[in-house]
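What follows is one structure encoded as structure tokens, with my remarks underneath.
The values are calculated or read from the model by the stated rules, or taken from the named source; none is laboratory data. Please read all numbers here as calculations on a predicted model, not as lab measurements. Glycine gets a Cβ as well: all are built from the backbone with ideal geometry, and neighbour counts include every protein chain shown. Remember, those area values only see protein heavy atoms, side chains included, never the ligands or the DNA or RNA. Shrake-Rupley method; radii C 1.70, N 1.55, O 1.52, S 1.80 Å.
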Amino acid sequence: MAVNWAGIDASAAHAARHMSVYGRPDYLADQLRHAVHPATELAEGRLATTLGNRSLLDSSAHFRAMRDHHRAAVMTPYGRTG
């Protein structure tokens, strides 16, 4: 398996790493899951390809939103509406 780093929101992924403090590694898994593909389907990717691939929220804003999402016990994964 390989990760298509170009499809990762670097700010959201960084914030999701910190959700492990709350015992919730699923936030990081959800940020990465959509970008994991069989290695034969992807050209060689590197972490640097996430450079500039960020949402309008910075990492601390994502983290606060994830923490609120967790506290509200929302069933839909963070950042997904359906």
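Structural remarks
- If you go through region 21-78 and keep only what is of a type outside the set (A, V, I, L, M), outside any loop (DSSP other than H, G, I, E, B), at pLDDT 85 or above and more than 11 Å from residue 10 (Cα to Cα), you end up with 26, 27, 30, 33, 60, 63, 64, 67, 68, 69, 70, 71.
- Filtered by the rule that a residue be of a type in the set (Gly, Ala, Ser) and either touching a Gly at 6+ places or on another chain (Cβ under 9 Å) or under 12 Å from residue 66 (Cα atoms) (or both), region 12-35 gives 12, 13, 15, 16, 20, 35.
- Qualifying residue in region 31-42 (condition: open to solvent by less than 60 Å² (accessible area, probe 1.4 Å) and out of contact with any strand residue (DSSP E or B) (no Cβ under 9 Å at 6 or more places or on another chain)): yes
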